[in-house]
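The values are calculated or read from the model by the stated rules, or taken from the named source; none is laboratory data. For clarity, every value in this text was computed on a predicted model and none was experimentally measured. Counting neighbours? That spans all protein chains shown, and the Cβs are built from the backbone with ideal geometry, glycine included.
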Amino acid sequence: MSLWLTLAVNSIALGGLLFLLSAGFSLIFGLMRIPNLMHGSFFMLGAYLGVTFLDKGVTFWLAALLSGVAMALIGSLIERFLLKRLSGQELPQVLLTLGFSFIIADLCLMIWTGDPWQPATPAELRGALQVAGLFFPIYRLAIVAVAVVVAIALWLLVDWTRLGAKIRAGVDDPPIARMVGIPVSRLFTLVFALGAGLAAFGGVVGAPYLSVYPGMDAEMLPLALIVVILGGTGSLVGAFVGSFIIGFLFNFGQAMFPDLAYVILFLPMVLVLVLRPQGLFGKVVS
Amino acid sequence: MKIQRRTVLKGMLAASAAVAAPPFLRAQPASFKIGLLTVKTGPLAQGGNQMEQGILTFLTEKNNTLAGRKIEFISADTGGNPAGAKTKAQELIERDKVNVILGPLAAFELLAITDYVRDNATPLLSIAAAEDVTQRKANPFIIRPSATSAQCCHAMGDYAAKELKFKRAATISEDFAFGYEQMAGFQRVFEDNGGKVVKKLWPPLVTPDYTPYIAQLSNVDCVFNGFAGSNPVKFMRAYADLGVKYKIPLLAGWTAMDDALLKSLSDEAIGVISAAWYSSEANTPSNKRFVEAMQKNYLTLPGGYSAGMYVAGQCVEAAMQMLGDKADDRTALAAALHKVSLTDTPRGAVKFDSYGNVIGDVFIRRCERKGGQLVNTVIKTYPNVSQFWTYDEKAFLANPVYSRDYPPAKNLE
Amino acid sequence: MSGRAPRLAAIGVAIVLLLTLPAWVANSYYVNVASQILLWAVAALALNVLVGYGGLVSLGHAALFGTAGYTAALLLQAGHGHFVADFAAIGFTLLVSAIFAILSLRSTGITFLMITLALGQILWGIAYRWASLTQGDNGVNVTTRPHLFGISLATADAFYYAVLAAFALAVISMAIFVNSPFGASLRGTRDQPRRMNALGYNVWLIRFLAFLFSGFWTGVAGLLFVYYNQFISPQIMALQTSAEILLMVISGGTATLLGPIAGAAIVVIMKNVASAYIERWNLVLGVIFVLIISFMPDGLIPGTTRIWRYGWQALRARIASARSVRRAGAS
């Protein structure tokens, strides 16, 4: 009983983190129609940057924000100067992001070495909630809270602002959006920067829980992919729900069927792609 | 002084120059080549970098000259996977024609190249722990100055049952050979002394979050973990965060509580009891030099990976001294390595059994905070521990090699 | 005539060089590197069938590669002979390819890429986690290489010739395929799927058969790989390997015969040779890819051919204008 409860709460916490990772990925995918295969690298690089800021004595949440901003800047540069030149060519775009994932992984190893880093949990969120003899780390619950706040902020941005309206138009029908004079090109840069920044922010927020280590990028990227495919590309609600579904599949799969843990994780992705390619919450693309 | 990979190039140039030079200029004997198979990319890179630091510290101390021979050092990155280990071993043996290989790091890398080094008659001093390489499949070219997977875990099983008086244990380790063999060694000695291993968990090498496993640990007196690489840091943090640390004492193998990891750990490590074949606190002259040099040059407390390579360097030197000007004979070198017996190494006295595996002390340590720093304080020393523990060698080898299923876990609940 | 002769000559030189390679390389290490280049080239050529000619970008081919390797390795370990193991390996890989094809060919473009990626991850997950079946991270050892026509493939040279033979067969079959009506119809499904459909072609079936053809050669490459290393472990089935094969194809140039071979050479040389001199070889590899994709988006071989042709034309133009100037001066 306690096992299931612990697993359930942990699934929700992991779901929160996955949302931070995949919300930006979903928007980029939805808008630009490319799977950004360096998204896991953004997450890892962000976490490493956060560790460096923390080392310089910056407070935890400021470090997370700074890392997010720095990554947004890097992301916008990559988009503006490299990805943009390849607009409309899906394949070279996919490969460019793949090439960058090699570069970022190696740069991180060069700068931060192979040592694992695990920053201390922010002081105000240390300790655990004890309910009926069960421990639950407060910090993991805080991650869920952060994810919910980010989700609401994104929802407000996308559904209630002019910028959001443009993004939605871009996701729904890029050619029409371009025709009615929406600067799709600038929008791409903006969304790419936002996605990169969110991933980096998520990386720092996740660091006290997952730690930061070489290879983290390759671990997080497939998770982001599954979440977005499951939820539907370009759909924030989909990314939100998908994150928690994957959080549960990941935790219960590992505990109950360790041999088939990855089958359990990826099979839903195949099924959705084959049976309902638009995802659970995606719109049917004509 | 730091030896760069470029030295290979320079060495090749020098070698071709030597060939071109008139004979009377060729008095200097060719350099003796030491190849290192290490990991510089991927999750195991931390240990791999320490291996290189360890051997470089030794070579620097010896002014890059062993037994009167200039040393040419060549480092190769396997990428931490068996296929890479094979490719790099071929590179070292067939292209660079090294005299001896140090490494590789991981058991699964070693298993992929043992036949190859034997067929190519090149001595290899392993830090990887795969049991059978110095047991049922022992081959004359492999020498292990570190330890087999279970060598320290036998001692831990003994200590847990006899001194800590634990009755029920759970084990958790990575789902690969090194993990299986460690847990099996612990289980065997612990159960032979009246304990019961009631749960065995195997998370994969790459596990973003250990909670699904830790949540299954309850109703035991202790948990023995054998994690490696960067995993112990993650595991111990989650173990403390989930409150299990305050209910169930944690025991650890050498990689899980390596001294080099201490800088990445915090309060979650306090109280963890571990068994290791190296302690940075060991009171030998060479260890003092070694620890001082490592702290000066690399700003780190050395652990088993770097100490293992330092000791390997000492063994190579001793074997070269034995052979004199016949050190280039690789088969003779392998035989001489088996006969090496040293009293002063960073880990204490070192000698080898007939299978090429080390016999040396095993330390039981408790992690404490001293003056703000985490240290592994030695609380008991098991002297001259062999890979067979106290078991009869023949009977030991008649059993199957330690694995996920052997010895069978009869007490699982 | 003038266009064909140099080309035939170049092919002839290449054949002679490849056939005599062990003699002039004379170091088994480099012979082994050559074997690796050739076996990865077979994998890249196989993927190119889908990527280049079919317009179907798969990120799951490492799983097919690994399926062949694992099937053979596990059967050999269970005591079966090489003949049985190899046939079963190729047969099983074809079966898995068929399943991959049936699931993934419901779509094209990015969705196809995603389905192959997910299927690849599932097979990798089985190799990695289902330890009682696949021995997980420990991998599977293959103790012996087979004999071919009574010759042991244990030495580097013998194995090189075996790989070379497989490579030659692969290249020949690709060349035949490209120029066959079937190859033309596959290109048709890439460029004009609807028109092909309207013309009465079964687009799905064409793609399905192409997938099997690609799967077959990927399986052969996987088999060569497991015999080369005499070892297989789950890393070989990871996304990274699929990505590497794809990068070989694209960096060399899709829909060309030479491109994937050049791409395989770049990756293998960077990985095995350059890594001894450049510590951060992954970084350099990444930069090379980014540069190729940014400046020669159609790949190295078409890119250099274009530059070559452009340079040649510019040169000819200059010579011609110089001549006319001289003539003008003379008159």
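Mind checking which residues of the stretch C:78-121 are assigned to a helix (DSSP H, G or I), among the aliphatic types (A, V, I, L, M) and more than 14 Å from chain A (Cβ to nearest Cβ)?
Result: C:Val84, C:Ala85, C:Ala88, C:Ala89, C:Ile90, C:Leu94, C:Leu95, C:Ala98.
Would the stretch B:130-139 turn up any residue that is over 30 Å from B:Leu333 (Cα atoms) and either within 14 Å of chain C (Cβ to nearest Cβ) or assigned to a helix (DSSP H, G or I) (or both)?
No, because not a single residue in the stretch B:130-139 is over 30 Å from B:Leu333 (Cα atoms) and either within 14 Å of chain C (Cβ to nearest Cβ) or assigned to a helix (DSSP H, G or I) (or both).
What are the pairs with Cβ atoms under 9 angstrom where one residue, in the stretch A:52-79, is at positive phi and the other, located anywhere, is among the small types (Gly, Ala, Ser) and not in a helix (DSSP H, G or I)? Sequence gap at least six, or different chains.
Correct list of pairs: empty, since none qualify.
Anything in the stretch C:40-93 that is in contact (Cβ under 8 Å) with a residue 60 or more places away in the chain and under 15 Å from C:Pro234 (Cβ atoms)? List them, or say none.
Those that are in contact (Cβ under 8 Å) with a residue 60 or more places away in the chain and under 15 Å from C:Pro234 (Cβ atoms): C:Gly60, C:Ala62, C:Ala63, C:Leu64, C:Phe65, C:Gly66, C:Thr67, C:Ala68, C:Gly69, C:Tyr70, C:Ala73, C:Leu74.
Checking A:Ile229 against (1) among the aliphatic types (A, V, I, L, M); (2) buried (at least 24 other Cβ atoms within 10 Å of the Cβ); (3) within 14 Å of chain B (Cβ to nearest Cβ), only one condition comes out false. Which one?
Result: A:Ile229 fails condition (3) only.
Need the failing condition index for C:Ala317 against (1) of a type in the set (Gly, Ala, Ser); (2) over 28 Å from A:Met38 (Cα atoms); (3) within 14 Å of chain A (Cβ to nearest Cβ), just the number.
Unmet for C:Ala317, out of (1) of a type in the set (Gly, Ala, Ser); (2) over 28 Å from A:Met38 (Cα atoms); (3) within 14 Å of chain A (Cβ to nearest Cβ): (3).
Take B:Arg188 and tell me if it is part of a loop (DSSP other than H, G, I, E, B) and either more than 19 Å from B:Pro383 (Cα to Cα) or in contact (Cβ under 8 Å) with a residue 60 or more places away in the chain (or both). Talk me through it step by step, then tell me what you get.
Details: part of a loop (DSSP other than H, G, I, E, B): no; either more than 19 Å from B:Pro383 (Cα to Cα) or in contact (Cβ under 8 Å) with a residue 60 or more places away in the chain (or both): yes.
Against the criterion (part of a loop (DSSP other than H, G, I, E, B) and either more than 19 Å from B:Pro383 (Cα to Cα) or in contact (Cβ under 8 Å) with a residue 60 or more places away in the chain (or both)), B:Arg188 does not qualify.
Considering only residues of the stretch A:36-69 that are of a type outside the set (S, T, N, Q) and closer than 16 Å to A:Leu83 by Cα, which is nearest to the other protein chains (Cβ to nearest Cβ)?
A:Leu37
Residue pairs, Cβ under 7 Å, 6 or more apart or interchain, first in the stretch A:111-122 and among the hydroxyl-bearing types (Ser, Thr, Tyr) and in a loop (DSSP other than H, G, I, E, B), second modelled with pLDDT of 80 or more and surrounded by 20 or more Cβ atoms within 10 Å (Cβ to Cβ). List them.
Cβ pairs passing all conditions: A:Thr113/B:Asn49; A:Thr121/A:Pro208.
Give all pairs with beta carbons closer than 6 Å in which a residue from the stretch C:284-295 that is more than 8 Å from chain A (Cβ to nearest Cβ) and touching a residue at least 24 places away in the same chain (Cβ under 8 Å) meets a residue that is assigned to a helix (DSSP H, G or I) and of a type in the set (Ser, Thr, Tyr); count only pairs at least 6 apart in sequence or on separate chains.
C:Ile292/C:Ser251
Cβ contacts < 9 Å: first residue within 7 Å of chain C (Cβ to nearest Cβ) and in contact (Cβ under 8 Å) with a residue 12 or more places away in the chain, restricted to the stretch A:260-284; second residue surrounded by fewer than 17 Cβ atoms within 10 Å (Cβ to Cβ) and of a type outside the set (A, V, I, L, M), any location; separation 6+ or different chain. Result?
A:Leu273/C:Arg106; A:Leu273/C:Ser107
Looking for something assigned to a helix (DSSP H, G or I), more than 8 Å from every other protein chain (Cβ to nearest Cβ), more than 19 Å from the chain's Cα centre (by Cα) and free of Cβ contacts under 8 Å to residues at least 40 places away in the same chain - is there at least one such residue anywhere in the stretch C:258-268?
Scanning the stretch C:258-268 turns up no residue that is assigned to a helix (DSSP H, G or I), more than 8 Å from every other protein chain (Cβ to nearest Cβ), more than 19 Å from the chain's Cα centre (by Cα) and free of Cβ contacts under 8 Å to residues at least 40 places away in the same chain.
Can you tell me which residue within the stretch A:1-35, out of those that are away from chain B (no Cβ under 12 Å) and touching an Asp or Glu at 6+ places or on another chain (Cβ under 8 Å), is surrounded by the fewest Cβ atoms within 10 Å (Cβ to Cβ)? Break it down into steps so the answer makes sense when it comes.
If we filter the stretch A:1-35 for residues that are away from chain B (no Cβ under 12 Å), which is where we start, we get A:16, A:19-20, A:22-35.
Of the ones still in play, those that are also touching an Asp or Glu at 6+ places or on another chain (Cβ under 8 Å) are A:33-34.
Working: A:Arg33: 17, A:Ile34: 22.
Ranking the candidates gives A:Arg33 first.
From the residues in the stretch A:236-259 that are free of Cβ contacts under 8 Å to residues at least 12 places away in the same chain and not in a loop (DSSP other than H, G, I, E, B), which one is farthest from the other protein chains (Cβ to nearest Cβ)?
That would be A:Met256.
What number goes with the only condition from (1) in a helix (DSSP H, G or I); (2) more than 30 Å from A:Leu273 (Cα to Cα); (3) at pLDDT below 90 that C:Ala170 does not pass?
(3)
Please go through the stretch B:164-185 and give me each residue that is small (Gly, Ala, Ser), in a strand (DSSP E or B) and touching a helix residue (DSSP H, G or I) at 6+ places or on another chain (Cβ under 9 Å), ordered by number.
B:Ala169
Mind listing whichever residues of the stretch A:136-149 are surrounded by 19 or more Cβ atoms within 10 Å (Cβ to Cβ) and either closer than 21 Å to B:Ile248 by Cβ or within 12 Å of chain B (Cβ to nearest Cβ) (or both)?
A:Phe136, A:Pro137, A:Tyr139, A:Arg140, A:Ile143, listed by residue number.
Restricting to the stretch B:276-319, give me the number of residues that are assigned to a helix (DSSP H, G or I) and farther than 21 Å from B:Gly360 by Cβ.
6
Could you look through the stretch B:391-413, keep only residues that are loosely packed, with under 14 Cβ neighbours inside 10 Å and of a type in the set (A, V, I, L, M), and pick out the one that is nearest to B:Tyr180 (Cα to Cα)?
Filtering the stretch B:391-413 for residues that are loosely packed, with under 14 Cβ neighbours inside 10 Å and of a type in the set (A, V, I, L, M), the one nearest to B:Tyr180 (Cα to Cα) comes out as B:Leu412.
In the stretch C:139-192, which residues are at positive phi and surrounded by fewer than 12 Cβ atoms within 10 Å (Cβ to Cβ)?
Once the filter is applied, which keeps residues that are at positive phi and surrounded by fewer than 12 Cβ atoms within 10 Å (Cβ to Cβ), the stretch C:139-192 yields C:Phe149, C:Gly150.
Taking the stretch C:296-312 as the search range and keeping residues that are out of contact with any helix residue (DSSP H, G or I) (no Cβ under 6 Å at 6 or more places or on another chain) and hydrophobic (A, V, I, L, M, F, W, C), which one is nearest to the other protein chains (Cβ to nearest Cβ)?
Here the residue is C:Ile307.
Go over the candidates A:Leu129, A:Leu194 one by one and state the one that is more than 14 Å from chain B (Cβ to nearest Cβ) and either more than 22 Å from the chain's Cα centre (by Cα) or more than 30 Å from B:Ser230 (Cβ to Cβ) (or both). Give the steps one after another, and end with the answer.
Details: A:Leu129 fails: more than 14 Å from chain B (Cβ to nearest Cβ).
Sole residue among the options that is more than 14 Å from chain B (Cβ to nearest Cβ) and either more than 22 Å from the chain's Cα centre (by Cα) or more than 30 Å from B:Ser230 (Cβ to Cβ) (or both): A:Leu194.
For the stretch A:84-126, how many residues are farther than 21 Å from C:Gln240 by Cβ, touching a helix residue (DSSP H, G or I) at 6+ places or on another chain (Cβ under 6 Å) and more than 14 Å from chain B (Cβ to nearest Cβ)?
Result for the stretch A:84-126: 1.
Which one of the conditions (1) more than 24 Å from the chain's Cα centre (by Cα); (2) not in a helix (DSSP H, G or I) does C:Met196 fail to meet, given that it meets all the rest?
Result: C:Met196 passes all but (2).
Which of the residues that make up the stretch C:124-135 are within 9 Å of chain A (Cβ to nearest Cβ) and assigned to a helix (DSSP H, G or I)?
Those that are within 9 Å of chain A (Cβ to nearest Cβ) and assigned to a helix (DSSP H, G or I): C:Trp124, C:Gly125, C:Ile126, C:Tyr128, C:Arg129, C:Ala131, C:Ser132, C:Leu133.
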